[in-house]
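Peer 1: Mind having a look at this structure? Questions to follow.
The values are calculated or read from the model by the stated rules, or taken from the named source; none is laboratory data. Just so you know, these numbers come straight off a predicted model, no measurement behind them. We place every Cβ from the backbone using ideal geometry, glycine too, and count neighbours over all the protein chains shown. Just the protein is used for accessible areas: all its heavy atoms, side chains included, with ligands, DNA and RNA removed. Shrake-Rupley method; radii C 1.70, N 1.55, O 1.52, S 1.80 Å.
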Amino acid sequence: MAIPPNDFPPRKRRPSASSFISPDFSDRKLLQSLLLLSQEISLLKPLHFLLKQSFSSIIRKSKLLSLVFDEIFRLPVFFLPQSARLCSTELYVVLQRTKTLIEDCSNGSKMWLLMQHKSVAEGFHQLTAEISTLLDVFPFKEFDLSDDVKELVVLLRKQCCRAITIVDPLAENLKQEVLKMLDDIEEAIIPEKSKLENLFERLELRDSSSCRDEIERLEEEVQSLGSTDSKSTVQMLALMGLLRYAKCFLYGASSPKRSLSSPRSDGTNSTTEMSFPADFLCPISLELMSDPVIVATGQTYDRSSISLWIESGRNTCPKTGQVLAHTNLIPNRGLKNLILMWCRENKLPFEMAETDKSNGVTLSKAAVEATRMTASFLVNRLRVSQSTETANRIVHELRTLAKTVSESRACIAESGAIPVLVDHLGSNNPDLQLNAVTTILNLSILESNKTRIMETGGVVDGVVGVLRSGATWEAKGNAAATLYSLSSVHAYRKELGKKKRVVNGLVELARVGPASQRRDALASILNLAGERGCIGKLIEGGVLKMAVEIMDESPEEVVSIMAVMAKRGGAMAIATTDGAIAKLATVLTDGPEGAKESAAAALDTVCRRGGNEVVVQLAAMPRIQKAIWDLMRTGTMRSRRKAASLWRTVRQWAAETNHNHIHHQGRVVQVITNMTDLFVS
């Protein structure tokens, strides 16, 4: 059997903190709270298809309880007897837990609830038993209740006392059908359409939208589990595989949800600007975090921003300046869930980062087979699709599937999706173009797919076409990110870096694109700069001129690029680029702490390889000596080494100049005097 029926653990959703904390209310407030809480529960609606008896039973008891406390609250009672207060306090906590359980079941995944309906039914029974115990000891006789309410109390006690765990045989049969279907899928047996239709009708998943919502709820369960329960994650991913296949097979690809729209490349934007809570913004990019992670110092950043920071050679925390004990990035799932809930409350769509959402868990055979069936079905439909709207829905489904787990990316590529996607990179439909390039980006995350992409004719040219003339900035940024992903392979980095269109497209996006897309372009350029054979093309493509132009806006990324280029043969080109030395000196003097290290590294290399004229130019910069000295005293270990090397280079030049009595006219004479006084005396 693909998934043993008893392997599904209890739900791990967290109820609100108030569910377990005794209220600190006055006696009147406590009675009123009990009345309101029991009324709220009595108004909740049971699920139609699952655990209906358990839901209905405890809701009816809450309604009776609300009538009892309505009577008590109407009495002139301002102070409760001690025993009544204790019982009321405990009853409040039990009712809070009851409400939480009902809402959790109603709003959570139906499929997951089905798989553990017995344990949930037992949970309802335990709550009923606790209510029964409290009703038995509650001193109702100390209140002047009407005869009708006294009879209600007797009835309520009897009902709670006689309550049993209600196991729904229909739910158990339905569960076994789902497990049998997963077993068949594991053996590569495609489910019959009639059986799928019947199953999903009984689960009340009657259209593509409801299936999509169900998948999202299961994804939330996976996120809540984290890496603490890999067995449960495997089980949920198998269910998600079945849901995805059935959604596409029965109802077709669903219309993409509207996301926070990216401005079009012509500058227009249809999204109203929102004011996000400060804690939801990445300290580096100052944008809403889609994948918050925690670094060694305990600070949280968006994964893409801090990854770029670390990959550029830095080993410090951007916010605190502390050296990172390690570079592991720990997902901040609590904050991610808060951001997700805030976006939902404000009716803003929130798209998870295009990253692996399985927490490193390997899929079960059933999940892999379901994914393979889904990918093949979608790709075959895409091949014969004549409608742009239909093609967009299918490609969006592939995009969504490709951002889940590595096995999904492998299945999609093996199904022949990459050549089919190429045809839509040049689409006149902005959404279709964006979905196509983002799908290729997601597929490129898997190492084996990088080779497929590079060897498939037209893919690189198509991605570069989006980079240079995409309909939206988001599409252009994702094209740049695709090139970044592909260039992580040494052989492909060299191949891409020698393409003039690639370099020109990245330079143009970095020069005029919005902040987020500029970072994507700069990250790709930084990757290409790591290959010595690409430096000439980068220089020809205007990377250094662009770097000088935008250094004030993106100092950390730009200076990192210049430091790498200087080290790999571009020092003389930097030395002769108008404004480059002055800009680097400004960053070293007044720039962000993280950028000063790279500025020192770049200037050190350029000064050592660029000749005396470069040193003279640097030495003439205001406060440069103090900036080097300060970095030597207060910087990180790497910063101190780079600053010390730069210090020695300039000091050596000053000493040699003084020794040889080389005299220049004007500004140079004064520079030599200043440097000699500082370094030699």
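Peer 1: Has the stretch 589-597 got any residue that is open to solvent by 40 Å² or more (accessible area, probe 1.4 Å), outside any helix (DSSP H, G or I) and touching a residue at least 24 places away in the same chain (Cβ under 8 Å)? Write out each step before concluding.
Peer 2: Initially, the stretch 589-597 is screened for residues open to solvent by 40 Å² or more (accessible area, probe 1.4 Å), giving 590, 592-593.
Next cut, outside any helix (DSSP H, G or I) only: 592.
Remaining after also requiring touching a residue at least 24 places away in the same chain (Cβ under 8 Å): 592.
Yes, the stretch 589-597 contains a residue that is open to solvent by 40 Å² or more (accessible area, probe 1.4 Å), outside any helix (DSSP H, G or I) and touching a residue at least 24 places away in the same chain (Cβ under 8 Å).
Peer 1: Taking the conditions exactly as written (under 27 Å from Ile550 (Cβ atoms) and in contact with a Phe, Trp or Tyr (Cβ under 8 Å, 6 or more places away or on another chain)), does Leu441 satisfy them or not? Break it down stepwise before answering.
Peer 2: Working: under 27 Å from Ile550 (Cβ atoms): yes; in contact with a Phe, Trp or Tyr (Cβ under 8 Å, 6 or more places away or on another chain): no.
Answer is no for this residue.
Peer 1: Quick check, is Leu80 open to solvent by 10 Å² or more (accessible area, probe 1.4 Å) and at pLDDT below 90? If you could, list the steps in order and put the result at the bottom.
Peer 2: Numbers: open to solvent by 10 Å² or more (accessible area, probe 1.4 Å): yes; at pLDDT below 90: yes.
Taking the combined requirement at face value, the residue satisfies it.
Peer 1: Are any residues in the stretch 395-427 of a type in the set (D, E, K, R), in a helix (DSSP H, G or I), without any contact (Cβ under 8 Å) to a residue 60 or more places away in the chain and under 13 Å from Thr438 (Cα atoms), and if so, which ones? Before you say what the answer is, go through the steps one by one.
Peer 2: Start the filter on the stretch 395-427 by keeping residues that are of a type in the set (D, E, K, R), which leaves 397, 399, 403, 407, 409, 414, 423.
In the following step, the residues that additionally are in a helix (DSSP H, G or I) were identified as 397, 399, 407, 409, 414, 423.
So of that shortlist, the ones also without any contact (Cβ under 8 Å) to a residue 60 or more places away in the chain come out as 399, 407, 409, 414, 423.
Matches in the stretch 395-427: Arg399, Arg409.
Peer 1: Give the stretch 637-651 a look and list any residue that's more than 19 Å from Val615 (Cβ to Cβ), in contact (Cβ under 8 Å) with a residue 12 or more places away in the chain and open to solvent by 20 Å² or more (accessible area, probe 1.4 Å), or say none.
Peer 2: Result: Met637, Arg638.
Peer 1: State the number of residues belonging to the stretch 566-578 that are assigned to a helix (DSSP H, G or I) and of a type in the set (D, E, K, R).
Peer 2: Total satisfying the criteria: 2.
Peer 1: What are the residue pairs meeting all of these: first residue in the stretch 552-565, first residue under 17 Å from Gly536 (Cα atoms), second residue assigned to a helix (DSSP H, G or I) and of a type in the set (Val, Ile, Thr), Cβ atoms under 8 Å, and 6 or more apart or on different chains?
Peer 2: Note: pairs meeting the criteria are Ile561/Ile525; Ile561/Val543; Met562/Ile574; Ala563/Thr605; Met565/Ile535; Met565/Ile539; Met565/Val543; Met565/Ile574.
Peer 1: For Pro430, indicate whether it is closer than 19 Å to Gln517 by Cα, out of contact with any Leu (no Cβ under 7 Å at 6 or more places or on another chain) and surrounded by fewer than 19 Cβ atoms within 10 Å (Cβ to Cβ).
Peer 2: Values: closer than 19 Å to Gln517 by Cα: yes; out of contact with any Leu (no Cβ under 7 Å at 6 or more places or on another chain): yes; surrounded by fewer than 19 Cβ atoms within 10 Å (Cβ to Cβ): yes.
Yes: the conditions hold for Pro430.
Peer 1: Which condition breaks for Arg501 when tested against (1) under 18 Å from Val558 (Cα atoms); (2) open to solvent by 40 Å² or more (accessible area, probe 1.4 Å); (3) in contact with a helix residue (DSSP H, G or I) (Cβ under 6 Å, 6 or more places away or on another chain)?
Peer 2: Of the numbered conditions (1) under 18 Å from Val558 (Cα atoms); (2) open to solvent by 40 Å² or more (accessible area, probe 1.4 Å); (3) in contact with a helix residue (DSSP H, G or I) (Cβ under 6 Å, 6 or more places away or on another chain), the odd one out for Arg501 is (1).
Peer 1: Look through the stretch 174-225, keep the residues that are closer than 21 Å to Pro256 by Cα and small (Gly, Ala, Ser), and return whichever of them is most open to solvent (accessible area, probe 1.4 Å).
Peer 2: Result: Ser209.
Peer 1: Test Asp604 against the stated conditions and say whether it is open to solvent by 50 Å² or more (accessible area, probe 1.4 Å), acidic (Asp, Glu), under 42 Å from the mean Cα position of the chain (by Cα) and on the phi < 0 side of the Ramachandran plot. Explain how you work it out, then say what you get.
Peer 2: Numbers: open to solvent by 50 Å² or more (accessible area, probe 1.4 Å): no; acidic (Asp, Glu): yes; under 42 Å from the mean Cα position of the chain (by Cα): yes; on the phi < 0 side of the Ramachandran plot: yes.
The answer is no for Asp604.
Peer 1: Here's a follow-up. What single numbered condition from (1) farther than 30 Å from Thr388 by Cα; (2) over 21 Å from the mean Cα position of the chain (by Cα) fails to hold for Ser469?
Peer 2: Ser469 satisfies every listed condition except (1).
Peer 1: Check whether at least one residue in the stretch 573-590 is within 25 Å of Ile284 (Cα to Cα) and touching a Phe, Trp or Tyr at 6+ places or on another chain (Cβ under 9 Å), and report yes or no.
Peer 2: The answer is no; no qualifying residue exists.
Peer 1: Open to solvent by 10 Å² or more (accessible area, probe 1.4 Å), over 22 Å from Lys150 (Cβ atoms) and under 42 Å from the mean Cα position of the chain (by Cα), is that true of Thr89?
Peer 2: Numbers: open to solvent by 10 Å² or more (accessible area, probe 1.4 Å): yes; over 22 Å from Lys150 (Cβ atoms): yes; under 42 Å from the mean Cα position of the chain (by Cα): yes.
Against the criterion (open to solvent by 10 Å² or more (accessible area, probe 1.4 Å), over 22 Å from Lys150 (Cβ atoms) and under 42 Å from the mean Cα position of the chain (by Cα)), Thr89 qualifies.
Peer 1: Could I ask something else about it? Residue by residue through the stretch 397-421, note down the ones that are open to solvent by 30 Å² or more (accessible area, probe 1.4 Å) and at pLDDT 95 or above. It would help to see each step written out before you state the result.
Peer 2: Our first condition is that a residue be open to solvent by 30 Å² or more (accessible area, probe 1.4 Å); within the stretch 397-421, this holds for 400, 406-407, 414, 419.
Those that are open to solvent by 30 Å² or more (accessible area, probe 1.4 Å) and at pLDDT 95 or above: Glu414, Pro419.
Peer 1: Could I ask something else about it? Have a look at Val437, Val463 and point out the one that is free of Cβ contacts under 8 Å to residues at least 40 places away in the same chain, assigned to a helix (DSSP H, G or I) and under 24 Å from Arg518 (Cβ atoms).
Peer 2: Numbers: Val437 fails: free of Cβ contacts under 8 Å to residues at least 40 places away in the same chain.
The conditions single out Val463.
Peer 1: Suppose we filter the stretch 614-645 for residues that are touching a Ser or Thr at 6+ places or on another chain (Cβ under 9 Å), at pLDDT below 85, of a type outside the set (Lys, Arg) and in a helix (DSSP H, G or I); how many remain?
Peer 2: The total comes to 1.
Peer 1: I need every pair where a residue in the stretch 475-494 that is within 14 Å of Ile445 (Cβ to Cβ) has its Cβ under 6 Å from the Cβ of a residue that is open to solvent by 30 Å² or more (accessible area, probe 1.4 Å), sequence separation at least 6 or different chains.
Peer 2: Ala481/Asp520; Tyr484/Asn527; Leu486/Tyr492; Ser487/Arg493; Ser487/Asn527
Peer 1: Show the residue pairs that are 6+ apart or on different chains and have beta-carbon atoms under 6 Å apart, the first residue being within the stretch 296-308 and in contact (Cβ under 8 Å) with a residue 24 or more places away in the chain, the second being part of a helix (DSSP H, G or I) and crowded, with 23+ Cβ neighbours inside 10 Å.
Peer 2: Qualifying pairs under 6 Å: Leu308/Ala523.
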